1. Counting just the residues of the stretch 155-188 that are farther than 22 Å from residue 141 by Cα and either acidic (Asp, Glu) or in a helix (DSSP H, G or I) (or both), which one comes out least open to solvent (accessible area, probe 1.4 Å)?
2. When you go through (1) within 24 Å of residue 241 (Cβ to Cβ); (2) crowded, with 24+ Cβ neighbours inside 10 Å one by one for residue 131, which number turns out not to apply?
3. Out of the residues in the stretch 183-208 meeting the condition of being aliphatic (A, V, I, L, M) and closer than 15 Å to residue 245 by Cα, tell me which one is modelled with the highest pLDDT.
4. Quickly run through the stretch 112-128 and pick out the residues that are within 17 Å of residue 162 (Cβ to Cβ) and small (Gly, Ala, Ser).
5. Grab the helices (runs of 4 or more DSSP H) fully contained in the stretch 1-118, keeping just those with 2 or more residues being open to solvent by 10 Å² or more (accessible area, probe 1.4 Å) and touching a residue at least 60 places away in the same chain (Cβ under 8 Å).
6. Of the residues 235, 247, only one is touching a residue at least 60 places away in the same chain (Cβ under 8 Å), more than 25 Å from residue 8 (Cβ to Cβ) and open to solvent by 30 Å² or more (accessible area, probe 1.4 Å); which?
7. Under 8 Å between Cβ atoms, which residue pairs at least 6 apart in sequence (or on different chains) link something in the stretch 196-224 that is more than 19 Å from residue 249 (Cα to Cα) with a partner that is open to solvent by less than 50 Å² (accessible area, probe 1.4 Å) and assigned to a loop (DSSP other than H, G, I, E, B)?
8. For the stretch 191-225, enumerate the residues that are open to solvent by 70 Å² or more (accessible area, probe 1.4 Å) and either in a loop (DSSP other than H, G, I, E, B) or touching a Gly at 6+ places or on another chain (Cβ under 6 Å) (or both).
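The values are calculated or read from the model by the stated rules, or taken from the named source; none is laboratory data. Bear in mind the structure is a predicted one, so any value in this text is a computation, not a measurement. We place every Cβ from the backbone using ideal geometry, glycine too, and count neighbours over all the protein chains shown. These area figures cover heavy atoms from the full protein model, side chains too; ligands, DNA and RNA do not enter into them. Shrake-Rupley method; radii C 1.70, N 1.55, O 1.52, S 1.80 Å.
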Amino acid sequence: MQNIAVVTGASSGIGAATARRLAREDFHVVVAARRLDRLEALVKEIGANATAVECDVTSDDSVAGLAEAVTELGGPVTLLVNNAGGARGLDQVADGSVGDWQWMYDVNVLGTLRVTKALLPVLEASGRGTIVTVGSTAAFTPYEGGGGYVAAKHAQTALVGTLRLELSGRPVRVIEIDPGMVRTDEFAVNRFGGDQAKADSVYAGVKEPLVADDIADCIAWTATRPQHVNVDRLVVRPIAQAAQHKVHREH
């Protein structure tokens, strides 16, 4: 039977690009996100190798429904891509919005926890499971104005590292992909509350930031290595970004 991959946050950006790529790698891809209309359009584009499931990773009941829908497909579940996440605001710690910080923690950290817990039994039962979590270079490098997102991504990477230790000896790989600057349709726009001008300024003068397909390629590559090969952490940046604080911009 066809192997099943589950991708959260699949309605746009890296998640949607990953779903398309995994379908080409002959996975049956379960695309999960809150915006069902976008998921249905994506499934129509991909074809028979995809199934849409509406899911909010901040809801225990919604995640339980995702796990049930995945199990009902009947095939071996061999891959989970924890991609749902996001940032809100660029506040300094002294002015940090508690509401924004709570949202970032709930989506990035607890969302990863909820979905991983829900799908771990079927991933292990496949005998060849893989969990790929999309983090960020913010997971190990703080930057001014990024406190809430940095804290959430640090916590997420701690979760992933702990999980790898706890699953030692069991047939589930644990992989972390940490992108730097990736230009997608929504990440920066959402961060700045829909302000397109602020979002565009993040990438101003950067000749070639990464795009969603670049990260999808990395995810597919790590997930399709021989099962005994575990890529613990893959850090990927555009050539223009030498470090979190050093970006070459053309003027």
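1. Start the filter on the stretch 155-188 by keeping residues that are farther than 22 Å from residue 141 by Cα, which leaves 165-173, 185-186.
Going one step further and asking which of them are either acidic (Asp, Glu) or in a helix (DSSP H, G or I) (or both), we end up with 165-166, 185-186.
On the way: 165: 138, 166: 121, 185: 137, 186: 36 Å².
By that ranking, first place goes to 186.
2. Just one mismatch for residue 131, condition (1).
3. Looking only at the stretch 183-208, we keep the residues that are aliphatic (A, V, I, L, M), and these are 188-189, 197, 199, 202, 204, 206.
Still in the list and also closer than 15 Å to residue 245 by Cα: 202, 204, 206.
Values: 202: 83, 204: 87, 206: 92.
Only one residue tops the list, namely 206.
4. None - no residue of the stretch 112-128 is within 17 Å of residue 162 (Cβ to Cβ) and small (Gly, Ala, Ser), so the list stays empty.
5. Output list reads 13-24.
6. Numbers: 235 fails: more than 25 Å from residue 8 (Cβ to Cβ).
When all the criteria are applied, what remains is 247.
7. 212/184; 222/231
8. The answer is 193, 207, 208, 225.
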